[in-house]
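A short write-up of the structure that comes next.
The values are calculated or read from the model by the stated rules, or taken from the named source; none is laboratory data. Worth saying up front: this structure is predicted, and the values here are computed from it rather than measured. Here the Cβ positions follow ideal geometry from the backbone for every residue, glycine too, while neighbour counts run over all protein chains shown.
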Amino acid sequence: MPVTTVFEGSTQRVSVLDDSAVPDSQLDPKLSKDFLLELYKKMILCRKFDAKAIALQRQGRSFTYTPFEGQEAVQVLIGMMLKPTDWTCPSYRESALYISRGADMGDLFVYLKGHEDGMAIPNKTNDMPLSIPVGSQTAHGPGIAYANKLKGNQGVAVVFFGDGASSQGDFHEAMNFASIYKLPCIFMCTNNQWAISTPCKIQYNGASIAQRALSYGVMGVQVDGMDPLAFYQVFDQALKRARNGEGPTLIEAICYRFGPHSTADDPKKYRSEEEVATWRKMDWTGRFVTYLRNNGVINEQIEAQVDQEAIASVEQAVAKADTYTDSPVQMFDYVFSKPTAELERQKQEFKQFYNK
Amino acid sequence: MTLMSVIQAINSAMAYELERDSNVVLLGEDVGYEGGVFRATDGLQAKFGKQRVIDTPLAEENIIATSIGMAVAGLRPIAEIQFSGFVGVGYNHLVNHAARLRYRSRGKIKIPMVVRAPHGGGIRALEHHCECIEGTYAQVPGLVVATPSNPVDARGMLSAAIRGDDPVLFLEPTRLYRAVKAEVPDGDFTVPLGEAKVVEEGDSVTLVSWGPMMKNTSTAAAEAKNSGINCEVIDLRTISPLDSTDLVLKSVQKTGRLVVVQEAPKSFGPAAEIIARINERAFDYLQAPPMRVTGYDTQLPLGTNEDFFIPDPARILSTIKKASSY
Ligand SMILES: Cc1ncc(C[n+]2csc(CCOP(=O)(O)OP(=O)(O)O)c2C)c(N)n1
């Protein structure tokens with residue numbers, strides 16, 4: 001036969017909660033009430049943090065911030081499902097992952113207030129800094145995963161990136177390497193529809209980002225990223241595959257970036273209020289909260305209490321950051337493994353000139 | 001003449017060149033519909049269409065590589081890289097291909113392309129958005145590195161860069177985008193690349209700088225004047241090829257003293273190159289060791305402390321005084 005089929009494949013999309021917040025009976029991960037309550041608390045806490053970080057910038061008390069509103073389910077769940085020893089390579093939009101992994105929010109505010117020491121990674125878990133060069137962090141995950149495999153420590157690496165980042169060569173090269181060596185690496189793409197003003201249809205011409213996995217021999221799946229039950233299901237599978245030595249998974253979580261790209265951006269310039277309103281119907285504050293209420297996980301009283309506690313924690317974190325004082329001399333630290341003679345000279349000159 | 005800010009001048013140069021030559025195209029992230037994150041390309045897609053003002057996928061390496069292909073085949077691409085720190089994503093193509101193809105083809109292939117990027121600190125932005133990169137690229141043979149410091153030069157130099165037949169890295173002074181306005185010539189107007197300019201005459205100390213540092217440098221020169229030190233202030237404008245040594249040399253022959261102001265980290269930058277050339281060619285005229293005021297050999301700090309890194313008028317003035325009283 002002169003013509004044979006070399007490859008055939010298809011890509012699935014998973015969702016669990018329907019529009020009226022009823023879970024699919026087959027796919028419902030049947031999470032315990034305790035787990036669901038903790039998840040809810042963390043998602044509320046993160047949303048309060050997000051709003052506060054924007055407010056501080058607007059008041060001139062901190063600098064550029066990239067909000068994650070709409071993407072909490074992905075980040076908070078991964079934070080809860082990973083072991084502290086697993087590694088993450090997040091982007092600038094993953095502050096909620098840090099918070100879910102146990103970061104001190106006060107330290108995050110110190111970073112947003114533009115202090116050098118704010119760059120210290122505030123987590124006790126294995127996490128890379130929030131990476132700003134778009135897409136670049138995707139290429140570090142396979143290296144970490146390779147090291148884990150070589151050391152035989154069962155650790156998993158999760159790399160986070162957006163629809164825009166999926167256009168960078170780094171992501172493709174990383175998937176290829178991870179696939180060839182069957183690495184315990186999870187490629188976590190949050191497709192929030194926009195890369196600043198660029199709609200995702202300018203990033204890819206196919207039906208999804210998830211399907212790109214197929215051509216690299218990677219498992220690829222799309223999931224409703226604003227449905228925590230669906231996301232739990234999909235991420236759990238990916239984790240099991242990674243820990244069982246079955247290789248990498250690419251997850252494309254469909255979300256929406258409700259806020260501006262950053263505090264320097266005005267999304268009204270490029271998208272309509274109607275579009276935002278349509279996506280808002282999918283947000284976890286609707287469907288998922290209804291599901292939690294229907295299942296007796298939360299009620300009005302619990303919700304009010306969770307809200308209050310979250311606001312108090314965020315305020316406490318801001319207060320901590322407000323009292324932080326730094327010195328510009330910190331810029332001379334951590335350049336090399338030990339201070340160099342020339343840099344030490346520059347530092348002394350600096351201290352003398354500015355009396356610091 | 002029209003009163004313009006730097007960003008308006010850049011927009012106006014691109015609009016003029018897109019109108020003038022149908023081979024000119026513009027591409028980059030968010031440059032079309034949005035008109036650029038700094039609005040440098042505002043209105044250009046509406047005017048010249050989606051085929052010539054192209055919103056690209058998010059991939060700097062590809063933006064630069066595609067521009068090379070376009071240039072090879074007869075277009076004159078202007079590639080916008082959103083922030084200076086991300087020019088490096090396309091480093092391989094800029095350095096190993098764009099800058100080299102004329103030499104590699106013994107003149108058969110030319111690469112008339114411009115890579116534009118906002119450049120320099122002082123805007124309280126995130127990491128990688130503000131670093132000074134001119135030194136890194138100035139070492140690359142075949143690549144022009146230019147940086148205007150005011151609206152007039154911004155319009156004239158960008159037009160010259162677009163019309164020229166060499167690849168140009170055009171570094172735009174971000175913190176001056178909207179900080180200064182000037183009367184800019186209308187119509188056909190270019191400022192040739194490779195030429196520095198004496199912006200203020202003086203006979204006590206030669207003061208050389210470029211790009212966004214010109215503002216602090218001029219402020220320091222004005223303060224020096226109050227202390228009776230008349231600085232001759234030179235705006236380098238084109239970093240590489242550094243063909244303006246003669247202008248600096250002539251000035252140093254007059255003043256006998258040289259201070260170079262550079263925002264980038266101290267070591268291995270253009271300031272070192274300028275000082276080396278003056279040492280080589282004007283040693284006998286020098287009455288003081290040539291000096292430099294620069295950033296430090298560390299990372300540009302985050303928002304709170306970045307102004308401590310960027311040479312401020314006080315630091316520049318103190319070095320001017322040191323040079324003049326040596
Ligand atoms: C290499 C690089 N290019 C450009 C930028 C500027 N920039 C920051 S975020 C962004 C859009 C990213 O979109 P996406 O990957 O979809 O992630 P999202 O911001 O939506 O979370 C751009 C262009 C950058 N930070 N890094």
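Here are some notes:
- Filter result (surrounded by 16 or more Cβ atoms within 10 Å (Cβ to Cβ) and within 16 Å of the ligand (Cβ to nearest atom)) within region A:201-237: A:I202, A:Q203, A:Y204, A:S208, A:I209, A:A210, A:R212, A:Q222, A:G225, A:M226
- Complete set of residues in region B:27-53 that are within 15 Å of the ligand (Cβ to nearest atom) and either aromatic (F, W, Y) or over 23 Å from the mean Cα position of the chain (by Cα) (or both): B:G32, B:Y33, B:E34, B:F38
- Some residue of region A:139-160 being within 16 Å of the ligand (Cβ to nearest atom), within 15 Å of the chain's Cα centre (by Cα), within 13 Å of chain B (Cβ to nearest Cβ) and on the phi < 0 side of the Ramachandran plot: no
- Among the residues of region A:241-272, those identified as basic (K, R) and farther than 16 Å from A:S179 by Cα are A:R257, A:K268, A:K269, A:R271.
- Which numbered condition A:F49 misses (of (1) more than 12 Å from the chain's Cα centre (by Cα); (2) buried (at least 23 other Cβ atoms within 10 Å of the Cβ); (3) without any contact (Cβ under 8 Å) to a residue 40 or more places away in the chain): (3)
- Residues of region A:1-31 that are closer than 16 Å to A:R287 by Cβ and exposed (fewer than 11 other Cβ atoms within 10 Å of the Cβ): A:D19, A:S20.
- Some residue of region B:98-118 being within 14 Å of the ligand (Cβ to nearest atom) and within 13 Å of chain A (Cβ to nearest Cβ): yes
- Restricted to helices (runs of 4 or more DSSP H) entirely inside region A:22-100, those with at least 2 residues that are aromatic (F, W, Y) are A:33-58.
- Residue-level analysis places B:S22 among those that are surrounded by fewer than 21 Cβ atoms within 10 Å (Cβ to Cβ) and either in a loop (DSSP other than H, G, I, E, B) or within 16 Å of the ligand (Cβ to nearest atom) (or both).
- Any chance A:K240 is outside any loop (DSSP other than H, G, I, E, B), more than 15 Å from the ligand (Cβ to nearest atom) and modelled with pLDDT of 95 or more: yes
- The conditions of being surrounded by fewer than 24 Cβ atoms within 10 Å (Cβ to Cβ) and either closer than 21 Å to A:A51 by Cα or modelled with pLDDT of 95 or more (or both) are not met by A:K124.
- Selected residue (only one of A:G225, A:G259, A:G245, A:G169 is of a type outside the set (A, V, I, L, M) and in contact with a Phe, Trp or Tyr (Cβ under 7 Å, 6 or more places away or on another chain)): A:G225
- Cross-chain or 6+ apart pairs with Cβ under 6 Å, region B:126-148 first and under 18 Å from B:M113 (Cβ atoms) and buried (at least 20 other Cβ atoms within 10 Å of the Cβ), then at pLDDT 95 or above and charged (D, E, K, R): B:V144/B:D166; B:V145/B:E134
- Residue within region A:274-288 that is more than 25 Å from the chain's Cα centre (by Cα) and surrounded by fewer than 12 Cβ atoms within 10 Å (Cβ to Cβ) present: yes
- Test: residue in region A:334-356 that is at the interface with chain B (Cβ under 9 Å from one of its Cβ atoms), outside any helix (DSSP H, G or I), under 18 Å from A:F109 (Cα atoms) and out of contact with any Phe, Trp or Tyr (no Cβ under 7 Å at 6 or more places or on another chain): no
- Only helices (runs of 4 or more DSSP H) whose full extent lies in region B:231-326 are considered here, and the ones with at least 2 residues that are free of Cβ contacts under 8 Å to residues at least 60 places away in the same chain, more than 12 Å from every other protein chain (Cβ to nearest Cβ) and buried (at least 18 other Cβ atoms within 10 Å of the Cβ) are B:245-255, B:270-282.
- Test: residue in region A:103-116 that is outside any loop (DSSP other than H, G, I, E, B), within 12 Å of chain B (Cβ to nearest Cβ) and surrounded by fewer than 22 Cβ atoms within 10 Å (Cβ to Cβ): no
- One residue from A:R101, A:R93 being within 16 Å of the ligand (Cβ to nearest atom) and among the basic types (K, R): A:R93
- Filter result for A:E275 (assigned to a strand (DSSP E or B) and either under 30 Å from A:K182 (Cα atoms) or away from the ligand (no atom under 12 Å from the Cβ) (or both)): no
- Residue within region B:143-164 that is within 14 Å of chain A (Cβ to nearest Cβ) and farther than 16 Å from B:E263 by Cβ present: no
- Residue within region A:259-273 that is away from chain B (no Cβ under 14 Å) and farther than 26 Å from A:L39 by Cβ present: yes
- A:S167 meets each of the listed conditions (1) at positive phi; (2) among the polar types (S, T, N, Q); (3) crowded, with 20+ Cβ neighbours inside 10 Å apart from (1).
- Of residues in region B:77-97 being more than 10 Å from the ligand (Cβ to nearest atom) and closer than 26 Å to B:L44 by Cα, the one surrounded by the most Cβ atoms within 10 Å (Cβ to Cβ): B:A79
- Close pairs from region A:129-141: first in a strand (DSSP E or B), partner away from the ligand (no atom under 11 Å from the Cβ), Cβ under 7 Å, at least 6 apart: A:S131/A:C89
- Qualifying positions in region A:150-178 - closer than 16 Å to A:I209 by Cβ and assigned to a helix (DSSP H, G or I): A:A165, A:S166, A:S167, A:G169, A:D170, A:F171, A:H172, A:E173, A:A174, A:M175, A:N176, A:A178
- From the options B:G74, B:G35, residue that is closer than 28 Å to B:S149 by Cα and either in a loop (DSSP other than H, G, I, E, B) or within 14 Å of chain A (Cβ to nearest Cβ) (or both): B:G35
- Here is the figure for region A:169-200: residues that are within 14 Å of the ligand (Cβ to nearest atom) and either closer than 23 Å to A:R271 by Cβ or among the basic types (K, R) (or both) total 12.
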